[in-house]
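First up is the structure itself, then whatever we jot down about it.
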Amino acid sequence: MNINLDLITSIIKKSIPKYAITDVNNVMFKKIKMKRDTFEKISNTEKEIVQKTMETNPNLLQALFDKTETAISSQLGLNTYTPLHSMHAYTGDVKTQMIKNLEKIYSTSQRALYTLLELSVKKSKKPEIVKIEKELLEKFGVKTCFSDNIEIANLTKDIIRQIVEKGRKPPKEIKVSSFWTEGGIALSFKDKKTTTEAIFLSHNINPSFFNDGYASTQQPGHVIVHEFAHIEDWRKNGMDKWLNQTATTLVNKERILSARELQIISKDVGEYAGGDVNSGLEVFPEIYTNLFFDGSYSNQIMDLYTRKLNGIIFQK
Ligand SMILES: [Zn+2]
């Protein structure tokens with residue numbers, strides 16, 4: 001089958017709000033215009049085109065990821081990079097305003113990814129899955145869609161129960177892609193009134209894929225809790241800490257970890273967390289996930305987690 005990547009990209013791009021970009025300062029301070037609820041602009045026929053094409057080509061989702069990222073950066077990339085470089089020179093209200101505007105820009109790329117992933121999810125007709133989805137919505141207010149994946153449906157149900165038992169608020173959406181093969185992604189973006197908190201999982205999240213010492217646990221629910229931990233981090237610490245690798249080093253200096261710290265993290269937490277050179281972005285969720293499953297760490301790691309990353313600790 002011949003894949004028209006451009007056609008599909010143009011469908012997805014409908015969900016990316018357009019900015020009135022004139023120059024860096026206008027973008028940063030004045031002219032950010034967000035359009036709401038753009039997902040609805042994609043017609044059912046267009047949704048079907050994308051889904052059918054994904055179904056016949058498992059690599060398409062990755063290709064679309066890349067293309068969407070390029071579309072976003074060509075629209076925003078240069079305009080965000082320059083002011084970030086000089087961010088450290090700003091203080092007070094100006095800096096606060098800059099961070100606020102950057103959150104809007106970040107929110108845009110999150111929204112584009114949301115649309116893309118949403119298109120990769122298929123509503124299940126299997127009674128046992130429909131039953132779990134209904135139960136999770138009624139009992140915990142979590143919108144789920146498991147794309148016929150009964151194993152992840154049961155696992156998610158169990159994790160949401162544990163999240164609530166620990167006194168934490170579950171995310172608003174957890175969805176399973178039928179086409180995407182590896183990993184998970186957590187998204188968080190704000191509309192005028194609501195915050196979307198969504199987790200998308202690939203159809204195979206079995207942690208036996210991890211090498212020994214790569215992730216902080218080998219629990220079957222590791223990926224779900226890890227993605228949820230990103231949402232927890234953003235809820236508690238805001239978005240200015242994780243805008244992007246370039247931004248983080250400038251916006252949030254206290255989160256940069258030293259080579260020595262990363263070495264200890266690699267050994268005691270896992271290689272995935274330890275490889276996170278700039279931002280502390282992946283260190284938080286990896287530590288959180290092990291603590292979630294009742295793991296423990298040395299005082300040194302806990303001190304770094306609570307002080308430097310403003311981490312979350314569970315009540316025993
Ligand atoms: Zn992560």
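Just so it is clear, none of the values below were taken in a lab; they were calculated from the coordinates. Since the model is a prediction, treat every value here as computed from it, not as a measurement. Cβ atoms come from the backbone with ideal geometry, glycine included; neighbour counts cover every protein chain shown.
Things to note:
- Per-residue extension of 0.36 nm, minus the Cα-Cα distance of Leu7 and Phe314, leaves a gain of 105.8 nm for this segment.
- Placing pseudo-labels 7 Å out from each Cα toward the beta carbon at Lys134 and Gln300 gives an inter-label distance of 5.4 nm.
- Ordering 126-133, 154-161 by mean Cβ neighbour count within 10 Å, with the highest value first, yields 154-161, 126-133.
- The rule of thumb for compact globular proteins, 2.2 N^0.38 Å, goes into the C-alpha radius of gyration of the range 127-204 1.08 times.
- Per-peptide packing, taken as the mean over residues of other Cβ atoms within 10 Å, places 261-272, 304-315 in the sequence 261-272, 304-315 from highest down.
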